[in-house]
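Below: one structure, written as structure tokens.
Please treat every number below as a calculation from the coordinates, not as lab data. Since we're looking at a predicted model, the values are computed, not measured. Here Cβ is always computed from backbone atoms with ideal geometry, including for glycine, and neighbour counts include all displayed protein chains.
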Amino acid sequence: MRKTDTFLTRLDCCDDPSTQKRTPRRPLNDLSTFVVERLPTLLADTKAQELHDEAEQLASQADPTGRESALALLDAAMLQRAVLSVGGKPGPEIAGLVEHISGSIESIPGLTYEGVIHANPLQADPRVFGSGESARAELFFYDVHARIEQQLAIVISRLFQLLAADEGDTESTREAIAAAQDGFHVMQKGFRALMHDLSKDAFSSMRRYFSNDHVQGMSGPSALFSAGVYCLDSLVQGQTAKVRAFQREHKFLRQEYYPRTTAMGDGFVGITDMQKANSYVAQGRTISLHTQCSDHAGLSEDYAQLLHIGGQTRKMHMGVVKTFLPEVWTTTPTEVDGAKGTAGTSPKQIFDESIRMYDEEERRHRDSHTPSAHE
Ligand code: HEM
């Protein structure tokens, strides 16, 4: 892997997770240790029966009532997913353990975005499925997401603060625009890092663990469930068609997929922040509406520029998807991963829609602020 920029300094210096110095975080004791120390090797050797038997044995002895439930769920769900990924059928003990822990924290009974990116102690005692160079790539992939989310948490907390006033003064609106730009810039850095440093082979080999769980009918872990991106879009643009569609398709129907964290408390944007963003939108506390206030006409260009950066960021995301998942552009929704895309919408439609939304909003905004011949 090549160094991209300071965004990634830690991983560039870091070796294979199997040899790195660890500070153990093992909420399920032996089961957690097994996931950290032996799971990658058994997966590499496709030891299906051994994995199944170990999972049953370890799960039957695990105490799910301890602290760090989100990490405990990650460990149990990784073990369950590992059994599935080698063609096995998870037994009742591991399935029961996952069900029990997920029920206690109102999460889905499986691998989640929150688990893999936030609960996973990426610096102290990371969990990965792969081994050797694949493990390094996998950790890098998680780390890029975690860094984006950490920055988004700061941005979203700041935006809540800045947009709290009914119309906001010019200075706070200008600051909100700058904060939102920071959010998009950190996403861009992340997409760039993935494009430059992650090989397609490494992505394909880890991707099998993130697929949808057809047995239980659940979506796999995905940044699609980033509450940070949802809040950023909402607070920048307000109640656009896309945000409304997302509320309908995700917030109300699939709330349990989003992180149970908070930007201020956990440093990771979650479902309560999404609800807060929705209430801000409902009250007109968005950058879009603040800049439409006649007193802030001087901010028009700044807002148009923000929309431009937002659109650019979505185009970079689309570039990443085209690189790593070209089949998304050539197959119908039902063929992607054997399941429909986002609530029946194809991924391509989602990206087209989200880019169109930023482009149109930017154009609409620039047009409405271009001085006419009579002015
Ligand atoms: C190799 C890297 C990535 C790939 C291959 C990828 C792929 C995808 C795909 C295929 C979808 C559509 C999912 C569906 O409709 O079921 C999607 C959606 C989404 N992804 Fe990514 N993604 C990547 C990285 C990221 C990162 C780093 C973020 C930001 C943290 C992100 C945030 C999102 C969001 C918010 C959506 C929902 C649609 C939207 O708001 O645009 N993705 N991604």
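Quick rundown of the values:
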quantity: Ellipticity estimate at 222 nm from DSSP helix runs (n ≥ 4, -39,500 (n - 2.57)) divided over the chain, nearest 500; calculated: -18500 deg cm²/dmol
quantity: Rounded if a/c under 1.5, otherwise prolate or oblate - segment 10-157, Cα gyration tensor axes; calculated: oblate
quantity: Global geometry of segment 81-142, whether rounded, prolate or oblate, following the gyration tensor of its Cα atoms and the 1.5 cut on a/c; calculated: oblate
quantity: M218 long-range amide H proximity, modeled H, under 5 Å; calculated: D213
quantity: Net charge over other residues, Cβ less than 11 angstrom from the Cβ of G91 (K, R count +1; D, E count -1); calculated: -3
quantity: Principal-axis tilt of helix 92-104 within the chain, Cα atoms, nearest 10 degrees; calculated: 30 degrees
quantity: Charge tally in the Cβ shell below 9 Å around F225, where Lys, Arg are +1 and Asp, Glu are -1, F225 excluded; calculated: 0
quantity: Helix 69-85 axis, angle to the chain major axis (alpha carbon atoms, nearest 10°); calculated: 70 degrees
quantity: Inter-centroid distance (Cα atoms) of segment 178-221 relative to segment 265-287, Å; calculated: 23 Å
quantity: Links that overshoot a 32 Å alpha carbon limit, given the list K21/K189; K276/K315; K89/K315; K21/K315; K21/K200; K189/K348; calculated: K89/K315; K21/K315
quantity: Cut-off 14 Å between beta-carbons: net charge of the residues surrounding G66, Lys and Arg +1, Asp and Glu -1; calculated: -1
quantity: Rounded if a/c under 1.5, otherwise prolate or oblate - segment 10-74, Cα gyration tensor axes; calculated: oblate
quantity: Fewest-first sequence of K276, K200 by Cβ atoms within 10 Å of each Cβ; calculated: K200, K276
quantity: Contact order relative to length of the chain, as percent, for alpha carbon pairs under 8 angstrom and 6 or more apart; calculated: 16 percent
quantity: Translational diffusion coefficient (Stokes-Einstein; Kirkwood radius from C-alpha pairs) of the chain at 37 °C, 0.692 mPa s, in µm²/s; calculated: 151 µm²/s
quantity: For segment 131-148, Karplus couplings with θ = phi - 60° (6.51, -1.76, 1.60), whole Hz, Gly/Pro x; calculated: 10, x, 4, 5, 5, 4, 5, 5, 5, 4, 4, 5, 5, 4, 4, 4, 5, 4
quantity: Centroid-to-centroid separation of segment 51-68 and segment 92-118 [C-alpha atoms, Å]; calculated: 12 Å
quantity: On Cα atoms only, tilt of 48-61 relative to the major axis of the chain in degrees; calculated: 80 degrees
